[in-house]
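The values are calculated or read from the model by the stated rules, or taken from the named source; none is laboratory data. All figures in this text were calculated on a predicted structure; none of them were measured in a lab. With ideal geometry, Cβ positions are generated from the backbone for all residues, glycine too; neighbour counts draw on all protein chains shown. For accessibility, only protein heavy atoms count, side chains too; no ligands or nucleic acids. Shrake-Rupley method; radii C 1.70, N 1.55, O 1.52, S 1.80 Å.
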Amino acid sequence: MGALSRAEAQERAPQPVTIDLAEVGVRALNAELHAPTATSYEVLHPHGAHSIAAGVHDEIDVGVRGHAGYFCAGMNQRGRVVVDGSAGNGVAENMMSGSVRVRGDASQAAGATGRGGLLVVEGRASMRCGISMKGIDIVVGGDIGAMGAFMAQAGRLVVCGDAGDALGDSIYEARLYVRGRTGTLGADCVEKPVRDEHLAELRELLTAAGLDHDPAEFRRFGSARGLYHFTGDHGSY
Amino acid sequence: MKDPAERGLRESATFDRATIAAIQHAARTGVYDIRGWGAKRAVPHFDDLLVLGASMSRYPLEGYRERCDTDVVLGDRHATRPLHLDIPVTIAGMSFGALSAQAKEALGRGASEVGTSTTTGDGGMTDEERGESKTLVYQLLPSRYGMDPDHLRAADAIEIVLGQGAKPGGGGMLLGQKISDRVAEMRTLPPGIDQRSACRHPDWTGPDDLTIKIGELREITDWEKPIYVKVGATRTYYDVKLAVAAGADVVVVDGMQGGTAATQEVFIEHVGIPILAAIPQAAQALRELGVHRKVQLIVSGGIRTGADVAKAMALGADAVAIGTAALIALGDNDPKYAEEYEALGSGAGYYDDFQDGRDPAGITTQDPELAARLDPVEAGHRLANYLRVLTMEAQTLARACGKAHVRHLEPEDLVALTVESAAMARVPLAGTSWIPGAGR
Ligand SMILES: Cc1cc2nc3c(=O)[nH]c(=O)nc-3n(C[C@H](O)[C@H](O)[C@H](O)COP(=O)(O)O)c2cc1C
């Protein structure tokens, strides 16, 4: 399920409830979002506050009008969160379901350990994007920094720009797609053939993210599964 | 064969038989030893301290009669729902995966019977343990296996694990034999692989980030739950100061003797400091910050008796946690399985191959037949009995020192038997007023 476009969101909830972080704190905001009295919210003047919309567990829309700090939409369940700005460290960390869209850039550890849902970063994402991911789908419009998908266990990471060094280090079963250049690949991460089923899932993910790249432009990376059993051979267990 | 010593043979202190066997094993296999349990070498420990009972200058309380309370409140610094435990002995985090579901359930039952808490582990929360644990602490570890916000909200407290005494600086291991389908699913891993969990948290680095992470966890759980920070004992003075600065409600310090489910032997025996050396550092850090007894200190690593509990508390802990001893109470290393332990190349009293998944006692295994040997109800009772004994022993010593609460024990009630333990525990060598290193 894709993140709603702004027009769709407005149609669904014509009058979002406005919460102004210049007037109340993040605690008051999250207390409302955890026991919502409306289905749609607009957060004004976020000014990089941390933990905005962390722990949402209902099917609500939250629009953050500006930059968010660390852990925005952390552990999201079912919520649809859109950040009209950039997001700090750990946006949508451990997301379970729902969707998070960052219209600007995302800092380190975007989507870390996420177990479900869709994270879209329209701009670039910094280091450790998708670290330890466990089933989340992440689509990044631009580049990602080094150590992307470190120890990634499951889910899919789509990078429409370049990927930094040590991509997919110690990766398990997550699938990585990169359209641009890649730096070094991390331990046990290898390029793999792109088959029809991969083109199909890429198309689905790009559509959900609202991007119209040709899936044929992407390369696929995943685990060589050479570190799955401890032996003395590779000296790294 | 006659006893080698009787034949005048001399064993090398440097190359003793265990060392020789380890070299032979390395030469044969090319892999290092991974095992469970904790450090097996002797290090300065609570046995090196003695309690000064009351006499002329102190007034004792009557054993069994006069009141000597044992309850403890944990996490009342920031959380709106702190924990109230009846006894100051808690069950340490041990993962489902390392332990069978039956063992986890038994730990919950035993702890609940005597009004204390138990803890999840590196593998998420099972229904069995949540169901049977009146008070359950939920761990947030670097691996984040099975991390679920619903479980955060269902927990009574949250423990952020930075490390363990058995392996400070190292991540967890779980070998393929123990990755059953259920364990694999909970951890989102392929069944049967040798799994190593991360040694660093994925989404924060350093104490400033930790402050923000704790803020996020408080937000997600609406500031209800106490938040613990657990560290392996190394640079304890600094770690405790940083944990408090980051906003921890409770700090957990695990000494080098602390148990593990599976770690490299070299790590278990050579990294970290004994709990005896760590407690005074932790207490000093808390005192200097003016939060001793306000941010509670839980210590672990080799706690076996009520004397250990009393001494740990006298040195400044608010409560202790037990791992290995709790498993023994459930039935680990039971002589009734002596033959089976021997068939596995070990023996009752020596068994430490928790990584192997073939535990005859059904505790450190995922094999359904072996696990079914452990009756969670009976094992839970045994643990409850043991916890009662620990508590009564600690009370006995506290009363002898004239304390109406075990927490009132203080360093002044202790002396040391050895120069090393005097220096580490910062109490005088028995019969002297000498605390080596004091004043520096
Ligand atoms: C079988 C086993 C599994 C453990 N699993 C974990 C774990 O998942 N997370 C953790 O923080 N510590 C784990 N520990 C360490 C304990 O929480 C605790 O720090 C240690 O056992 C205390 O020392 P003691 O065993 O001497 O009592 C484990 C210990 C054992 C024996």
List every residue pair whose Cβ atoms sit under 7 Å apart, with the two residues 6 or more apart in sequence or on different chains, where the first one lies in the range B:288-312 and is on the phi > 0 side of the Ramachandran plot and the second, anywhere, is open to solvent by less than 20 Å² (accessible area, probe 1.4 Å) and charged (D, E, K, R). B:Arg293/B:Asp318; B:Gly301/B:Asp254
Only one of (1) among the aliphatic types (A, V, I, L, M); (2) part of a loop (DSSP other than H, G, I, E, B); (3) open to solvent by less than 20 Å² (accessible area, probe 1.4 Å) is not met by A:Leu119, so which one is it? (2)
Go through B:Leu50, B:Leu61 for me and flag whichever is in a strand (DSSP E or B), of a type outside the set (Phe, Trp, Tyr) and away from the ligand (no atom under 16 Å from the Cβ). B:Leu50
By my count, helices (runs of 4 or more DSSP H) wholly in the range B:306-424 with at least 3 residues that are within 23 Å of the chain's Cα centre (by Cα) and more than 13 Å from the ligand (Cβ to nearest atom) are B:306-314, B:376-400
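For (1) at positive phi; (2) open to solvent by 30 Å² or more (accessible area, probe 1.4 Å); (3) touching a Leu at 6+ places or on another chain (Cβ under 7 Å), each residue gets a yes or a no:
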position: B:Tyr337; (1), (2), (3): no, yes, no
position: B:Pro376; (1), (2), (3): no, no, no
position: B:Ala384; (1), (2), (3): no, no, no
position: B:Met392; (1), (2), (3): no, yes, no
position: B:Leu414; (1), (2), (3): no, no, yes
position: B:Val419; (1), (2), (3): no, yes, yes
Of the residues B:Leu99, B:Leu83, B:Leu49, only one is at pLDDT 95 or above and closer than 19 Å to B:Ala307 by Cβ; which? B:Leu49
Scan the range B:324-349 and report the pairs whose first residue is free of Cβ contacts under 8 Å to residues at least 24 places away in the same chain and whose second residue is open to solvent by 50 Å² or more (accessible area, probe 1.4 Å), with Cβ atoms within less than 7 Å and a gap of 6+ or a chain change. B:Leu344/B:Arg358; B:Ala348/B:Pro335
Counting just the residues of the range A:99-116 that are assigned to a loop (DSSP other than H, G, I, E, B) and among the basic types (Lys, Arg), which one comes out farthest from the other protein chains (Cβ to nearest Cβ)? A:Arg103
When the range B:244-264 is examined, which residues are found to be out of contact with any helix residue (DSSP H, G or I) (no Cβ under 7 Å at 6 or more places or on another chain), more than 12 Å from the ligand (Cβ to nearest atom) and within 14 Å of chain A (Cβ to nearest Cβ)? B:Gln264
Taking the range B:163-201 and keeping residues surrounded by fewer than 22 Cβ atoms within 10 Å (Cβ to Cβ), away from chain A (no Cβ under 12 Å) and either of a type in the set (A, V, I, L, M, F, W, C) or over 25 Å from B:Thr324 (Cα atoms) (or both) leaves B:Asp181
In the range A:192-209, what residues are outside any helix (DSSP H, G or I), surrounded by 15 or more Cβ atoms within 10 Å (Cβ to Cβ) and not basic (Lys, Arg)? A:Val194
The condition of being more than 10 Å from the ligand (Cβ to nearest atom), of a type outside the set (Gly, Ala, Ser) and closer than 21 Å to A:Gln77 by Cβ holds, among B:Arg182, B:Arg153, only for B:Arg153
Where residues in the range B:232-243 are open to solvent by 10 Å² or more (accessible area, probe 1.4 Å) and under 28 Å from B:His151 (Cβ atoms), which of them is farthest from the ligand (Cβ to nearest atom)? B:Leu242
Take B:Ala54 and decide whether it is out of contact with any Leu (no Cβ under 6 Å at 6 or more places or on another chain) and either within 14 Å of another protein chain (Cβ to nearest Cβ) or open to solvent by less than 90 Å² (accessible area, probe 1.4 Å) (or both). yes
Flag for B:Ile23 being among the β-branched types (Val, Ile, Thr) and within 16 Å of the ligand (Cβ to nearest atom): no
Of all residues in the range A:63-80, which are within 14 Å of chain B (Cβ to nearest Cβ) and either of a type in the set (A, V, I, L, M, F, W, C) or crowded, with 24+ Cβ neighbours inside 10 Å (or both)? A:Ala68, A:Tyr70, A:Phe71, A:Cys72, A:Ala73, A:Gly74, A:Met75, A:Asn76, A:Gly79
Which count do you get for residues in the range B:210-221 that are at the interface with chain A (Cβ under 7 Å from one of its Cβ atoms) and either out of contact with any Gly (no Cβ under 9 Å at 6 or more places or on another chain) or not charged (D, E, K, R) (or both)? 3
I'd like the full set of residues that are open to solvent by 10 Å² or more (accessible area, probe 1.4 Å) and either more than 14 Å from the ligand (Cβ to nearest atom) or part of a helix (DSSP H, G or I) (or both), limited to the range B:291-305. B:Val291, B:His292, B:Arg293, B:Lys294
Of all residues in the range B:32-44, count the ones that are open to solvent by less than 20 Å² (accessible area, probe 1.4 Å) and away from every other protein chain (no Cβ under 14 Å). 3
From the set of residues in the range B:82-111 that are without any contact (Cβ under 8 Å) to a residue 60 or more places away in the chain and either assigned to a strand (DSSP E or B) or away from the ligand (no atom under 11 Å from the Cβ) (or both), which is surrounded by the fewest Cβ atoms within 10 Å (Cβ to Cβ)? B:His84
